[in-house]
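The values are calculated or read from the model by the stated rules, or taken from the named source; none is laboratory data. Here the structure is a predicted model, which is why all the values come from computation and not from measurement. Cβ placement follows ideal geometry from the backbone for every residue including glycine, while neighbour counts extend to all protein chains displayed. Accessible surface is based on the protein model in full, side chains and every heavy atom, while ligands, DNA and RNA are left aside. Shrake-Rupley method; radii C 1.70, N 1.55, O 1.52, S 1.80 Å.
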Amino acid sequence: MAVTTFKASTYLKDKVLVEANVRGHKIIIDEPKELGGDDQGANPVELVLSALGACQSIVARIYANKLKIDLRNFWVELEGDLDIDGFLGKSDVRPGFLTIRYTFHMETSAPEEKVEEFKKIIEAHCPVGDTIANTVNLVSSGIVIENTIA
């Protein structure tokens, strides 16, 4: 088994602006003004949608080459339904996505039956899609209280 550990660190800045660091790459995450942010970046749930579409796109590129599909262009449109009242604690509903929908778009000369097989392969091999579709062990390692200098 080739288990690989991926890591990220996030730092809360002003208001709800968060700076994430991943392998030396900085990502700015913020909420729109109506949710208390300054709209300086995508919010976390938009990043989940983006991560899914990016993962599906990467899997498409890898498997297009393996299946000898001439993938001239590929993009994914995604949208998800979320009850904001769960996030804001206004209601006893789940704070996460209720439904995520996506549509693959591709430019290719491959026959339709091969494209349908290709779609199934993309869906079966996308780690982000698998993570969203299946239960994951979400484990807290506790909390570390940092002492500040008074």
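Observations on the model:
- Residue count, segment 28-57 (criterion: over 16 Å from I132 (Cβ atoms) and either touching a Ser or Thr at 6+ places or on another chain (Cβ under 9 Å) or not hydrophobic (A, V, I, L, M, F, W, C) (or both)): 14
- Any pair with Cβ under 6 angstrom, 6 or more apart, that starts in segment 75-98 at a residue that is closer than 19 Å to A54 by Cβ and ends at one that is open to solvent by 60 Å² or more (accessible area, probe 1.4 Å): V76/Y102; E77/T103; L78/Y102; E79/R101
- Scanning segment 14-43 for residues that are out of contact with any helix residue (DSSP H, G or I) (no Cβ under 8 Å at 6 or more places or on another chain) and polar (S, T, N, Q) yields N21, Q40.
- The listed residues are D38, D30, D14, and the only one of them that is open to solvent by 70 Å² or more (accessible area, probe 1.4 Å) and among the acidic types (D, E) turns out to be D14.
- Tally of residues being open to solvent by 50 Å² or more (accessible area, probe 1.4 Å) and in a strand (DSSP E or B) across segment 79-100: 4
- Candidate set from segment 32-59 (those that are charged (D, E, K, R) and out of contact with any Leu (no Cβ under 9 Å at 6 or more places or on another chain)); member that is modelled with the lowest pLDDT: E34
- Filter result (free of Cβ contacts under 8 Å to residues at least 60 places away in the same chain and of a type outside the set (A, V, I, L, M, F, W, C)) within segment 126-150: D130, T131, N134, T135, N137, S140, S141, G142, E146, N147, T148
- Segment 10-67: number of residues that are in a loop (DSSP other than H, G, I, E, B) and among the hydrophobic types (A, V, I, L, M, F, W, C): 3
- Taking (1) touching a strand residue (DSSP E or B) at 6+ places or on another chain (Cβ under 8 Å); (2) assigned to a helix (DSSP H, G or I); (3) of a type in the set (V, I, T); (4) closer than 27 Å to E31 by Cβ in turn, V115 satisfies each apart from (4).
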